[in-house]
Amino acid sequence: MTESGTSKARRRSSRVSQQLERARQRNAEQLAEQRAREQRVEAALRQYVEAGETIAAEHARCEEKVAVYQRKIDKLRADSQEKVADQHTRQAQAALSLHEGGGRTVEQVAELLELDSEKQARRLIATGREAVAPTTDTESSPGDSQREGSRLRQEAPSANATSADGSGEQAESVGDVGQQHGVQTGLVPVSTAHDDGQGT
């Protein structure tokens, strides 16, 4: 081989080596960039998941605090509604006093209290009447009079029978009791029962 041919072969081999070296370098750089991208992806995924866990924990903590405050709010509202209901009852009783105690008509009550309509005044008066109804029932229970009337009606036959024998005393006694209690006993008048006894 001539000297010129040897030189050409060496130069060609050198160019190939340099080209391969550059290719390896580019490949190494690409691999390094790829690893860097993978690391960035891994870091982004970790950041996202950790943030999600923090968000969930914060939501739970917030809801726990909200529940405590909500119970307090509910109690405040319940207490407030109870107080307002008491004051509405007082208003209704005042309207009832105007109507029944003050002799004002429904129309006058509506006008005095600046209500929207007579219907509203009637409802208010009715509510006031319902509010005082339990006290009235306790003071004078109609059941007592009914039981007394029933007892007197049960005693009536024996009283009439005694009168028919001529005594007439027991019938008069029962009649007096009926008058004292103000109850309609349904008894035959004493004089009539006595007369019937004489007639037989």
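The values are calculated or read from the model by the stated rules, or taken from the named source; none is laboratory data. In this text the structure is predicted, and so the values were computed from the model without any measurement. Neighbour counts run over all protein chains shown; Cβ positions are idealised from the backbone, glycine included.
Among the residues of the stretch 88-114, what is the count of those that are loosely packed, with under 10 Cβ neighbours inside 10 Å and assigned to a helix (DSSP H, G or I)?
Of the residues in that region, 1 qualify.
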> Would you pick out the residues in the stretch 72-84 that are of a type in the set (D, E, K, R) and over 14 Å from the mean Cα position of the chain (by Cα)?
Replying inline: K72, K83
>> Could you check the stretch 3-17 and list, in sequence order, the residues that are surrounded by 10 or more Cβ atoms within 10 Å (Cβ to Cβ), of a type in the set (G, A, S) and at pLDDT below 70?
In response: S7, A9
> From the list E82, E42, E100, which residue is over 30 Å from Q120 (Cβ atoms) and of a type in the set (D, E)?
Replying inline: E42
